[in-house]
Structures are given as C-alpha cells and as structure tokens.
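Contents: one structure, followed by commentary.
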Amino acid sequence: MSLKAVLFDFNGVIIKDEPIHLQLIDEILIQENIQPQRVNERQASLGRSDACGKQSYRDYFQDLLKNRGRVITEEYLSDLLNRKAQAYVLELEKLEKLPLYAGVDDLIFQARSHNIKLGLVSDSLLQEIQLVLERAKLTEYFQIIVTGDDIATSKPQPEGYLLAVEKLNQAYPDLNLQPQECLAIEDTPAGIQAAKRAQMQVVGVANTYPFHMLQRQANWTVDYLTDLELDRVQEVFLQKEVKTTLPEC
C-alpha cells in the first residue's frame with residue numbers, strides 16, 4: 001500500500017481564522033436582534049468541552065438560534081451562513097496579509113515532488129475557501145475541493161472524505177484511489193474521527209488542540225506542519241497498514 005493522496009482540512013490547518021468567524025457570527029446575531037455569543041458558547045465552538053471535537057459553523061449557528069428560541073428553517077439558516085460567507089470575504093479583503101499557518105507551502109512541495117495528489121475537505125463554504133486559496137496562490141495545487149456546499153453532514157461524519165476519494169478517482173481514472181491510500185491533515189478530534197471513519201490515516205497538527213489530545217487519536221502528531229516529513233510517512237504506508245479504527249464518541 002502506498003500513499004497516493006494528501007487531504008487537507010481548511011480552518012485550523014491552512015488558515016487561522018477562528019476569531020474572524022466568531023466576530024462575524026456576533027455581527028449577524030445583532031443584525032437579527034438576537035443576543036450575541038456568551039463566553040461559554042464561544043468556548044463550546046472550539047469544542048473544548050466536547051471530546052468529539054468542535055462543531056461546524058452550521059451546527060454552531062443552529063444551536064445558538066435554538067438556545068435563543070428562534071424558529072429555524074433550512075432556508076433561514078442557509079441565508080445566515082451565506083451572509084457570513086460574504087462578510088468573511090469582505091473581512092479578508094481588508095487584511096494586507098492572510099493569517100496562514102507556516103508549512104503549507106512546504107508540505108505541498110513535498111507531495112508534488114512524490115506525485116501525490118492533493119485535495120481539501122472542509123465544512124466551510126466554497127466561497128470562503130476559494131478566496132483564501134486565490135489570495136495565497138494555492139488554487140492550482142488542490143485538484144479537488146469538498147466543502148460544506150457539497151455534503152449534508154459535518155465532521156466527525158466521514159462523507160466529506162469519502163466524496164474526496166470519489167472526486168479524485170473521477171479526475172484521475174487511472175489512480176484507482178482507495179481511502180486507505182490517503183493521508184488526512186487535521187487539527188481537531190472531530191476531523192480526525194471523520195478521516196478515521198473513512199478508513200484513512202491522519203496527521204494531527206496541534207494548531208487548535210494540545211499535542212497530547214491529538215496524539216491519542218491520530219496516527220502521527222506534530223506541533224507544526226513544518227515538522228511533518230512525508231518521506232517518513234510514506235515508508236510506513238509501504239511497510240504496513242496502520243490501524244485506523246477509532247472508538248465512537
């Protein structure tokens with residue numbers, strides 16, 4: 001078995017944008033005449049109190065509205081999320097330099113030098129992701145992108161990762177990619193579990209959660225993406241299958 005594809009998460013792996021999202025959520029709540037986030041709710045958005053990891057922004061928004069007694073329809077929720085996505089684009093356009101994590105460029109170079117395909121799997125909306133990739137000049141490197149627009153579920157469900165395998169096989173018919181030949185790059189327990197449920201191996205990068213918390217769940221754990229050496233990971237893929245099962249939350 002060889003490593004054929006590396007699949008990146010987006011928020012917390014490529015860009016450090018959590019404060020921007022939380023600010024925009026408050027702005028939209030206020031526009032809707034709804035009480036903004038409480039401190040404990042902001043903490044919950046990071047998933048510190050949930051062993052299964054942080055919520056997607058869709059789920060988080062939905063919980064905020066329910067807790068404030070709002071009647072929620074899918075149309076209303078989608079409208080709020082689209083407004084946040086548009087505001088996110090405007091907010092990033094104000095920044096002279098994007099808050100990107102170090103090591104993304106180097107990891108892309110390592111993968112391309114070994115002819116390993118690249119993809120991105122995120123619960124964020126395509127509009128947000130495209131802007132960052134374009135600004136960072138990374139668009140050309142990601143052959144496929146799976147976003148919250150493509151799937152009805154959020155991590156820790158595995159649908160996003162399974163769809164990424166399907167899309168890569170459609171784009172490269174001779175690749176014959178299997179989930180076990182993919183490496184996911186994640187920063188949260190929820191993301192790790194999603195990739196594990198898809199039967200993938202995972203690198204946990206300690207950008208959002210402590211190293212020791214991710215180490216208990218990921219196949220490999222690094223403090224920074226710059227610490228990740230794909231050569232060493234590829235050796236393990238070639239030598240043996242690494243156990244990919246993870247207990248249910």
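Indicate the gyration tensor shape class of segment 73-155 (rounded, prolate or oblate), computed on the Cα atoms with a ≥ b ≥ c the square roots of the eigenvalues: a/c under 1.5 is rounded; otherwise a/b larger than b/c is prolate and the rest oblate. Judged from the Cα gyration tensor, segment 73-155 comes out oblate (a/c at least 1.5, b/c at or above a/b). Per-residue 3J(HN,Hα) values for segment 117-131, derived from phi via the Karplus relation 6.51 cos²θ - 1.76 cosθ + 1.60 with θ = phi - 60°, read 6, 10, x, 9, 10, 8, 7, 5, 7, 4, 4, 5, 5, 4, 4 Hz in sequence order (x marks Gly and Pro).
L107: net charge of surrounding residues, Cβ under 11 Å, Lys/Arg +1, Asp/Glu -1, itself excluded?
Residues close to L107 contribute a combined charge of -3.
A simple packing score, the average count of other Cβ atoms within 10 Å per residue, orders the peptides 219-229, 119-129 as 119-129, 219-229, with the highest score first. Computed packing ranks the peptides 3-10, 58-65 as 3-10, 58-65, most packed first, by mean other Cβ atoms within 10 Å. Loop-located trypsin sites (Lys or Arg not before Pro) across segment 110-173 with a Cβ neighbour count of 16 or fewer within 10 Å are K137, with loop assigned by DSSP.
By the gyration tensor of its Cα atoms, with a ≥ b ≥ c the square roots of the eigenvalues, what is the shape of the chain: rounded for a/c under 1.5, prolate for a/b over b/c, or oblate?
prolate
In the chain, the DSSP-assigned H stretches of four residues or longer account for a calculated mean residue ellipticity at 222 nm of -13500 deg cm²/dmol, using -39500 (n - 2.57) per stretch and the full residue count as denominator. Ligands, DNA and RNA left out, the accessible area of segment 123-199 computed with a 1.4 Å probe is 46% carbon and sulfur.
Compared with the dominant principal axis of the Cα atoms in the chain, helix 230-239 is inclined by about 60°.
Charged neighbours of V205, selected by a Cβ distance under 12 Å, balance to -4 (K, R count +1; D, E count -1).
The values are calculated or read from the model by the stated rules, or taken from the named source; none is laboratory data. Computed from a predicted model, the values in this text were never measured in an experiment. Because the Cβ atoms are built from the backbone with ideal geometry, glycine has one as well, and the counts that use them run over all protein chains shown. The area values use the complete protein model at the heavy-atom level, side chains included, leaving out ligands, DNA and RNA. Shrake-Rupley method; radii C 1.70, N 1.55, O 1.52, S 1.80 Å.
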